[in-house]
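The values are calculated or read from the model by the stated rules, or taken from the named source; none is laboratory data. The model shown is predicted, which means the values in this text are computed figures rather than measured ones. Note that we place each Cβ from the backbone using ideal geometry, even for glycine, and neighbour counts take in every protein chain shown.
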Amino acid sequence: MFLDAIASNCRANPQKNAIQFIGGEAISYAQLAETTSRTAHFLRALGVEPGDRVAVQLPKCLPFIYLHLAAMQVGAVFLPLNPGYPPAELHYFLADAGARLLFADVTKQSSLAEMISSLPALQEAIFIDADAHWTDRVGSYSAKPVSLPAKPDQTAMMLYTSGTTSRPKGALITHGNLTANIKSLHSAWGWRADDVLLHALPIFHVHGLVVALHGALHAGATADLLPGFDAVAVLDLLQSRRCSVFMGVPTMHRRLYTHAAGRRIDLSHMRLLTSGSDRLPDDLFSGYQRSFGVTLLERYGMTETGMNLSNPLHGERRVGSVGMPLPGVQARIVDPGTDTPLPNDVVGEVQISGAHVFAGYWNQPEKTAQAFTEDGWLRTGDLGSRSHDGYFTLKGRAKDLIISGGMNIYPPEVELALMTHADVAACAVVGCPDAEWGELVVAVIVPKPGAAPDADEICAHCRDRLAAYKAPRRVIFAADLPRNALGKVQKAVLRGEVCY
Ligand code: MLC
């Protein structure tokens, strides 16, 4: 199991830095193991039982990491939540998950008080100062590891992912899924104990948490953590700290590339720079090669699976392609209507199977059943093709989804929030292409008769209900929306009208 690998790294190299918070604390593998165990006993003392959902809405900080590892150690289900969720959105996640405990930032205490009191399953909300020494909080608890060995089919984490026709669903990720994923990446990407990962991703997503952080800890490497992404800092640190690995989304790579223009940047010591969570534009792939002498490694994953496909560590990294199935992963292209495999070079749905594929959606047996084919393959909803020599290329999405800065945004969620505005009669949300963000959220609104809504006020209305990254960047008012004979909004037509 993944936790066993960390424990053995602690035994093998206790004094080595596991995590270095840039500008802050450094934690050795021994300290990581000890404080995780103390945190696990702290959770047990709070009454946490195996299977309980432990929600954490904190900025990127050490307590987040200890709580993550400790929750898994006691067999609880770790539920990381974006610190940007406003109370209304947070309420949905906590209620749906039936979270027993919430750890949140102390600055949110007063704004969350009322919402928390309306959650019967939530036994306690603990507000912490992310900058304070966590060891002061848990120092009195035992440092002996909690011996509750996790079984492969036990849920380790729950990660919310939105649906096109429903509110967000909790994807249940088992200990077996995490282990399969990390072993696969360890071998495919050649993780090494002497790697230094510069970590600038959020840690509440599969990318930053599982692929990047677990990857480094599983290898016994060092993760240098930045609290957030800053292109200038990243370029400086990659060089000054002789980092060997960096993982980013295309928006980050775009900013790095732009900031590097006209400067001498030496990344020759780096062995792996990956890109994922959204399509890597061809010009960025070749721009990186020209400017840095580095060939980005593009890979493809999703919340429900972790990583599926990857360009090779050694061998051709093909522009525009997300590569081949990772070790232990099976991938196929099928006709989405019949689930019948298609020949090479024909576009169909990408379907995945393997030990890394999630167990299902929390409390949603129907949605879980819909997600899988009769023969057990996961329907990704992504369209793609496979070349004669095994490289997969993504060609679009079967589902109505916007990806902005590597974040998935489901238009129906934004539309639902817009429809609660008193002046909105009808609306539709689409993603328009953008060089930096990949796509930007654009809302087209039909006002109610006699109403004259203000675009800024509409955006503010969304931000009260949704995390800021989901709020429209552009609001367009229209007399009506293009609809088909059944009255359904024709998003493709709308995109043609409003995107430029
Ligand atoms: C921030 N903003 C965004 C945004 N991120 N808007 C749309 N999409 C986003 N992704 C908003 C902010 O709220 C702010 O609004 C404004 O944009 C400018 O903020 P910024 O300071 O420029 O943004 P920044 O904080 O630098 O964030 C950009 C970013 C970040 C690219 C660094 O979005 C990021 O870390 N993205 C990575 C997401 C990720 O890890 N995805 C993995 C999902 S897992 P205002 O108006 O409030 O100022 C997955 C599976 C897989 O997909 O395969 O990996």
Given the criteria near the ligand (Cβ under 10 Å from one of its atoms) and crowded, with 21+ Cβ neighbours inside 10 Å, does Ala428 qualify? no
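Yes or no, residue by residue, for (1) without any contact (Cβ under 8 Å) to a residue 24 or more places away in the chain; (2) of a type in the set (Lys, Arg); (3) within 9 Å of the ligand (Cβ to nearest atom):
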| position | (1), (2), (3) |
| --- | --- |
| Val196 | no, no, no |
| His207 | no, no, yes |
| Asp224 | no, no, no |
| Asp230 | no, no, yes |
| Asp236 | yes, no, no |
| Phe246 | no, no, no |
| Ile265 | no, no, no |
Would you say Glu114 is acidic (Asp, Glu), touching a Lys or Arg at 6+ places or on another chain (Cβ under 9 Å) and at pLDDT below 95? no
Heads up, the helices (runs of 4 or more DSSP H) in the stretch 1-118 (entirely inside) with at least 1 residues that are surrounded by fewer than 17 Cβ atoms within 10 Å (Cβ to Cβ) are 2-12, 29-45, 87-97, 109-117
Based on this model, can you work out whether Leu342 counts as away from the ligand (no atom under 16 Å from the Cβ), of a type in the set (A, V, I, L, M, F, W, C), in contact with an Asp or Glu (Cβ under 7 Å, 6 or more places away or on another chain) and at pLDDT 95 or above? yes
Would you confirm whether or not the stretch 265-279 contains a residue that is at negative phi, under 23 Å from the mean Cα position of the chain (by Cα), in a helix (DSSP H, G or I) and at pLDDT 95 or above? no
Within the stretch 289-310, residues assigned to a strand (DSSP E or B) and within 11 Å of the ligand (Cβ to nearest atom) come out as Glu298, Arg299, Tyr300, Gly301, Met302, Gly306, Met307, Asn308, Leu309, Ser310
Where residues in the stretch 200-258 are on the phi < 0 side of the Ramachandran plot and among the basic types (Lys, Arg), which of them is surrounded by the most Cβ atoms within 10 Å (Cβ to Cβ)? Arg254
Yes/no for Thr174 being under 27 Å from Asp382 (Cα atoms), among the hydroxyl-bearing types (Ser, Thr, Tyr), away from the ligand (no atom under 16 Å from the Cβ) and surrounded by fewer than 24 Cβ atoms within 10 Å (Cβ to Cβ): yes
For the stretch 363-393, the count of residues that are buried (at least 18 other Cβ atoms within 10 Å of the Cβ), over 19 Å from Tyr410 (Cα atoms) and not hydroxyl-bearing (Ser, Thr, Tyr) equals 5
Looking at (1) farther than 16 Å from Ala435 by Cα; (2) away from the ligand (no atom under 16 Å from the Cβ); (3) in contact (Cβ under 8 Å) with a residue 24 or more places away in the chain, can you tell me which one Ser286 breaks? (1)
Within the stretch 142-166, track down each residue that is of a type outside the set (Val, Ile, Thr), buried (at least 18 other Cβ atoms within 10 Å of the Cβ) and modelled with pLDDT of 95 or more. Gln154, Ala156, Met157, Met158, Leu159, Tyr160
Quickly run through the stretch 382-409 and pick out the residues that are within 13 Å of the ligand (Cβ to nearest atom) and under 25 Å from Val334 (Cβ atoms). Asp382, Leu394, Arg397, Leu401, Ile402, Ile403, Asn408
Any idea how many residues of the stretch 269-283 are closer than 28 Å to Arg192 by Cβ and either more than 14 Å from the ligand (Cβ to nearest atom) or among the aromatic types (Phe, Trp, Tyr) (or both)? 5
